[in-house]
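**Q** Sharing a structure below in structure tokens format, with a few things to ask.
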Amino acid sequence: LNFIGKDIISVNDMLRNEIDFILEKSEFIENMPVLEKSNLLKGKIIASLFFEPSTRTKDSFTTACYRLGGSITGFTDTSSTSLKKGETLFDTLKMYEIYSDVIVMRHNIEGSARFASECVDIPIINGGDGANQHPTQTLLDLYSIKKNQGKIDGLSIALAGDLKYGRTVHSLACALSLYKDITLYFISPESLKMPDFITELLKERNINFFECNEINDVIDKVDIFYMTRIQGERFPDKTEYEKVKGIYILEKNNLINVKENLKIMHPLPRIDEISKEIDNTPYAYYFEQAANGIPVRQALLSLLTGGIK
Ligand code: CP
């Protein structure tokens, strides 16, 4: 497989063998001696264009890049750029096409990453476009699942919280539908159910999925419990947010009868949906999950620029 020059916009553009290839390369890079990998991005410049706040995606790409010998340009605050003076997204992207070798972009508008890929000839990596997709999060989620369960096929996985506006669960559900014998449980309030365009795709691919409202209906059955934050910033009507804010809080007493191999994952940031008392249990995996973002993003940057093949 050859990823040189490719865009990473949506998991729906990917085949299972391409995802598995990226996961294998992530493991390869994670196990590479530090000095050996320190030149994989030598001479390369990554543009990090963040129109929305981020800790993990932005700074794990930055760390991934620096540790491979590359450099970073870009912005985290559009008010310090000429976008503030009215420059268009198209013209802005054309500038970073000149300045860099790969663009990582997070934007609040759904479809913006696809648009960016049509504006420039260098690779675009979607760091999250509105409530749509977050493909690099999904790759690190799959890498994490494979690492903590030894496989992805055959697992039962619960996705909980804001399934309407959460782009991580949209991307992850689509990607999991490429694996065999997967059972998905969607836990959300009625107003934040998984959108039809995802459930229709799952039906087309004959994936077993169940929708429910309560954590305790499901948690004892699953290998992975993937919790998400209610995405307050995406609600058009803040009174609707107030109705569901804090609706799920995973606590130690939810874990009494869970499977021994259960891992609790969360893309982070968390607000209050996983109680801190869970952090020190053997089930908590969300900080390791975030750490897995480094080798996965290192693999992506190296594959797109030809540092590894
Ligand atoms: N998981 C994730 O996308 O986190 P950030 O918003 O901090 O990048």
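The values are calculated or read from the model by the stated rules, or taken from the named source; none is laboratory data. Treat the numbers as computed from the prediction; the structure is a model and nothing was measured. Note that we place each Cβ from the backbone using ideal geometry, even for glycine, and neighbour counts take in every protein chain shown. Just so you know, the surface numbers come from the protein's heavy atoms only, side chains and all, with ligands and any DNA or RNA stripped out. Shrake-Rupley method; radii C 1.70, N 1.55, O 1.52, S 1.80 Å.
**Q** What is the distance, in nm, between label points placed 7 Å from the Cα along the Cα-to-Cβ direction at Thr78 and at Lys151?
**A** Here the modelled spin labels are 4.6 nm apart.
**Q** Further question: Which entries in Lys221/Lys243; Lys85/Lys238; Lys180/Lys252; Lys151/Lys180 show an alpha-carbon gap greater than 20 Å? Could the numbers behind the result be given before it?
**A** Numbers: Lys221/Lys243 28 Å; Lys85/Lys238 30 Å; Lys180/Lys252 31 Å; Lys151/Lys180 11 Å.
The answer is Lys221/Lys243; Lys85/Lys238; Lys180/Lys252.
**Q** Which whole-Hz couplings ³J(HN,Hα) result when phi for each residue of the range 25-33 is put into the Karplus expression 6.51 cos²θ - 1.76 cosθ + 1.60, θ = phi - 60°, listed in order with x for Gly and Pro?
**A** Coupling constants for the range 25-33: 5, 5, 5, 4, 5, 4, 8, 6, x Hz.
**Q** What aspartates and glutamates sit close enough to Lys276 to cross-link, taking a C-alpha to C-alpha distance under 16 Å and skipping anything fewer than 8 places away on the same chain?
**A** Counting by Cα, and skipping residues close in sequence, Lys276 has these aspartates and glutamates nearby: Glu251, Glu288.
**Q** Return the sequence-ordered ³J(HN,Hα) values of the range 264-274 in whole Hz as given by the Karplus equation 6.51 cos²θ - 1.76 cosθ + 1.60 applied to θ = phi - 60°, using x for Gly and Pro.
**A** Running phi through 6.51 cos²θ - 1.76 cosθ + 1.60 with θ = phi - 60° gives 9, 10, 7, x, 6, x, 9, 9, 9, 7, 10 Hz.
**Q** Going by amide H atoms built from the backbone, whose H comes under 5 Å of the H on Glu211, apart from near neighbours?
**A** Placed amide hydrogens put Phe186 under 5 Å from Glu211.
**Q** So for the pair Asp91, Ser38, with labels modelled 7 Å out along Cα→Cβ, what separation do we get in nm?
**A** For the pair Asp91/Ser38, the computed spacing is 4.2 nm.
**Q** Computing the accessible area with a 1.4 Å probe over protein heavy atoms, can you report the carbon and sulfur percentage for the chain? Walk me through the numbers on the way to the answer.
**A** Values: 6560 of 13500 Å².
Heavy-atom surface of the chain belonging to carbon and sulfur, 1.4 Å probe: 49 percent.
**Q** Return the calculated 222 nm mean residue ellipticity for the chain, to the nearest 500 deg cm²/dmol, obtained by summing -39500 (n - 2.57) across DSSP H runs with n ≥ 4 and dividing by the residue count.
**A** Details: 11 runs with 111 residues, N = 309.
Result for the chain, helices only: -10500 deg cm²/dmol.
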